[in-house]
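Below you'll find the structure, written out as structure tokens, and then a few comments.
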Amino acid sequence: MNSELLLKNLNPEQQKAVQHHSGPLLIIAGAGSGKTRVITHRIAYLIDHYRVKPMNILAVTFTNKAASQMQERVADLVGPVADFITISTFHSFCARLLRIEGEHIGLKRGFTIYDATDSENLAKKVLSELNLDPKRFSEKMMLSAVSASKNNLILPEDYPEDSFSEEKIKQFYASYQKKLKESNAVDFDDLIMQTVVLFKRHPNILEKYQKRFQYILVDEYQDTNHTQYILVALLAASHKNICVVGDDDQSIYSWRNADIRNILEFEKDFPNTTTIKLEQNYRSTSSILEAANNIIAHNLNRKAKSLWTENPKGEKIQVYQADSERDEAQFITNEINQLIKKGVRLKDIAVLYRMNSQSRVLEEVFLNNKLPHIIYGGIRFYDRAEIKDTLAYLRLIANPYDTISFNRAINTPKRGIGPVTIAKIEDAKENFGVNYLDTLLRATSIPNLGSKLKVISEFARLWYYFTTYQEGHTITEIVESIWDKTEYMKILENEGTDEALARIDNLKEFLSVTKSYDERTDNMGSLNGFLEEISLITDIDRYSDTSDAISLMTVHSAKGLEFPVVFVTGLEEGLFPSSRALYDESQIEEERRLCYVAITRAMKLCYLSYAETRFLWGQTSYNRISRFIEELPEEINNLSRKAARVTKSANQVATSFSSPLPELRSGDKVLHGKFGKGIVIEVKGAGKSQEVTVVFDGCGLKKLMLEYAKLTKI
């Protein structure tokens, strides 16, 4: 494509971003401002105008959906050479790099990527071996601390141990990593951290990839954590040709350890940065944008910007006060039925909520009214038992060291092998110094197996058959062979219950996944490649506008999507914003960003609703109207409500917390009005901007702004 054509139909700021040649570039891209168009056209311009080799370009983003869309758009612009550009998610990029280079840090090529469920199962095993009280040290709390450490590039040996809790977390972290290594496995956070460790320990390997990737583009930069920031900074250190695209107003993942400072301080981190703001919105009506701008303007920790559009003013934001959550759901149903009569398609409508638990009543009312809908969230397809069972076998074929998959597969279908026998196998594996398969193939040498010897030997022969069968066969054929030889499908068919039939349907759906992979790879795809793709897929990657159904999802899941009609529900103090944020101004700002994201998903119509009473988590609550509705100017919404206005502004709330700040350091014990007793594990910053990380006895790890946290030192 001609360079001039690449600039056609771009606004002046977009053109500047596309034409930038070398050196650091920060693109602040507001919601709906065409950032994907800018990224893809910039890649094409680098190739066409500046003659950059496609293989020297790396573009990373956060979701498979975003990466595949980017790949398709670039291919449309530059043709077949797009195949030589690396466009990937952070995790996929690191997984592939570790498959090639991981042996330098002790990772065998066929390593397994553990998902959240696998990690929890491994954590339970570690906690049991360490004799730690699961009530005080739950696997979720410990994994949260480990995840925070990995996302901040803290290795087990560097973990602080200034308190009893820290000592136990450090002990758990070290043991958890040891178990992962023994299983030749990594968790999600490891993919990034281990890549950084690899680069830091082996500068020659880093140099190799610095030479390869001379132009780096990072999408959704506001969502990066510290370890991802270091990864990108290391790769860009040589050429400094780093372009990051993001919007600090859409930073909504601090609970995943995303650090908004990465985008706010990019110009400090990379001197001589060129900064370009994309403020023209192409998605929403001006009424919707005006509402979103008014809400986000209440945040103090942001780069000044204001979205504008040439789109029509459109309908006012609609605000509905419901008596209850069921009344709210019925209102949404009634409005949708009216919209359908006006020609609106179901797939053009999204209902968004703060928490997955809010979907239950919505689903009930939609079912009663025969409204087709799809819920995104809840149990992931790949977390269903029958899919997990199948994946356990596939993983063992690829990685015979995998502890979690071994423990699942050996009793699937049931073979009567209990914990005592498993312990004997574990001991033998350690003594033999080999993997699980080789251990079982020597089952006659394992003492005291008794009547279990026969069934273990049969399982070993079956496993060995699958490992040889995989050569020269497609993923679909391997899966069908597993079901056939284990009689997995036959057992479900004989069972004949509704649950069994539902499981069979899920297995058939899984076959459509394997067939799709086989087709895309011309039946030449590897088992490792398939398992990697499956392990890194997210529930929202299933989103498709091909089904004519209403989309129900959390606001977090909706980020990056757009719909002509959006309903944002549950706008009540304690729900949206969340109760966890009410005493922490930095978290209130994140909740406000979340509300901003929700509203800016809407193209034509936006409804906001709240309920005077809500039955949630087994009890009825009476919450005030959300401050975010109160922050809408009267002329924008057609609000008719009985509820009183929120009396405290953000500034008044801040003033009420202006008592002297306690001096805290790592290891101090503290008391919080909501979270109870805890131990400080990290203190960052100074004065009013000081941030503390605390492990609370009852609810795990929390990051708090000291100025607003109301912590008492004990």
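The values are calculated or read from the model by the stated rules, or taken from the named source; none is laboratory data. Bear in mind the structure is a predicted one, so any value in this text is a computation, not a measurement. So basically every Cβ, Gly included, is an ideal-geometry build from the backbone, and we count neighbours across all protein chains shown. Ligands, DNA and RNA are excluded from the accessible area calculation, which covers all protein heavy atoms including side chains. Shrake-Rupley method; radii C 1.70, N 1.55, O 1.52, S 1.80 Å.
Please give the peptides 27-33, 102-108 ranked by average Cβ packing (other Cβ atoms within 10 Å per residue), highest first, as a rough proxy for protection.
Peptide ranking by packing, descending: 27-33, 102-108.
In segment 498-593, which GluC sites (Glu not before Pro) fall in coil by DSSP and have 10 or fewer other Cβ atoms within 10 Å?
none
Amide H to amide H, which residues 5 or more places from Gly34 or on other chains are under 5 Å from it, using H placed in the peptide plane?
Tyr282
Compactness ratio of segment 1-145: Cα Rg over 2.2 N^0.38 Å, N = residue count?
1.47
Round to the nearest 10 and give me the degree value, 0 to 90, for the angle of helix 325-341's Cα axis relative to the longest principal axis of the chain.
Once rounded, one gets 80 degrees.
When the Debye formula is applied to the Cα atoms of segment 491-553, each taken as the same point scatterer, what base-10 log of I(q)/I(0) results at q = 0.14, 0.30 Å⁻¹?
For segment 491-553, the Cα-only Debye profile gives -0.62, -1.16.
Please sort by residue number the chymotrypsin sites (Phe, Trp or Tyr not before Pro) in segment 51-143 whose DSSP state is loop and whose Cβ has at most 12 other Cβ atoms within 10 Å.
Nothing satisfies the criteria.
Pairs of Cα atoms under 8 Å, at least six residues apart: use those to get the relative contact order of the chain, whole percent.
The normalised contact order for the chain reaches 16 percent.
Mind pulling the angle between the C-alpha long axis of helix 164-182 and the longest principal axis of the chain? Nearest 10 degrees, somewhere in 0 to 90.
The angle comes out at about 60 degrees.
With a cap of 16 neighbouring Cβ atoms within 10 Å, and only residues DSSP puts in a loop, list the trypsin sites (Lys or Arg not before Pro) found in segment 119-197.
Of the trypsin sites (Lys or Arg not before Pro), the ones in loops of segment 119-197 whose Cβ has at most 16 other Cβ atoms within 10 Å are Lys135, Arg136.
When the distances between all Cα atoms of segment 376-453 are binned every 10 Å from zero, what whole-number percent does each bin get?
17, 46, 26, 8, 2
What share of all Cα pairs of segment 279-343, in percent, falls into each consecutive 5 Å distance bin?
Bin by bin from 0 Å, the calculated values are 3, 14, 16, 15, 17, 16, 11, 6, 1.
Name the residue farthest towards the positive end of the dipole of the chain from the options Asn281, Asn11, Pro203, assuming +1 on Cβ of Lys and Arg, -1 on Cβ of Asp and Glu, about the Cα centre.
Pro203
Using a 1.4 angstrom probe on heavy atoms only, work out the carbon and sulfur share of the accessible area of segment 163-239 in %.
50 percent
Quick one: go through segment 417-441 and flag any residue whose amide nitrogen is under 18 Å from the point 7 Å out along the Cα-to-Cβ line of Glu458.
Backbone N within reach: 417-418, 421-422, 440-441.
Rounded, prolate or oblate: pick one for the chain, where a ≥ b ≥ c are the square roots of the eigenvalues of its C-alpha gyration tensor, a/c under 1.5 means rounded, and failing that, prolate if a/b is larger than b/c, else oblate.
Rounded is the answer for the chain, as its axis ratio a/c remains below 1.5.
Length gain on complete extension for the stretch Lys124 to Lys108, per 0.36 nm per residue less the alpha carbon to alpha carbon distance?
3.3 nm
What is the Rg over Rh value, at two decimals, for segment 221-313, using alpha-carbon atoms and the Kirkwood definition of Rh?
Using Cα coordinates only, the ratio equals 1.03.
In debye, nearest 20: dipole of segment 422-491 around its Cα centre with unit charges on the Cβ of K, R (+) and D, E (-)?
Dipole magnitude for segment 422-491 comes out near 320 debye.
Using a 1.4 angstrom probe on heavy atoms only, work out the carbon and sulfur share of the accessible area of segment 456-573 in %.
Looking at segment 456-573 in its full context, I get 46 percent from C and S.
Give the separation of the Cα centroids, segment 1-58 to segment 297-361, in Å.
Each part reduced to its Cα centre gives a spacing of 33 Å.
Sort largest first and round to whole Å: the equivalent ellipsoid semi-axes of segment 109-259, each the square root of five times a Cα gyration tensor eigenvalue.
31, 18, 14
Rounded to the nearest 5, what % of the DSSP beta bridges within the chain are antiparallel ones?
About 35 percent, rounded to the nearest 5.
Could you list log10 I(q)/I(0) for segment 444-560 at q = 0.14, 0.15, 0.19 Å⁻¹, which the Debye formula gives when each Cα is one point scatterer?
The Debye formula, applied to the Cα set alone, gives -0.85, -0.93, -1.16.
Using 0.36 nm per residue, how much length does the chain from Lys677 to Ile100 gain when fully extended, once their Cα-Cα distance is taken away?
Going from the current span to full extension adds 203.2 nm.
Check which residues have an amide H placed less than 5 Å from Ile87's amide H, if you skip close sequence neighbours.
It is Ala59, by chain and number.
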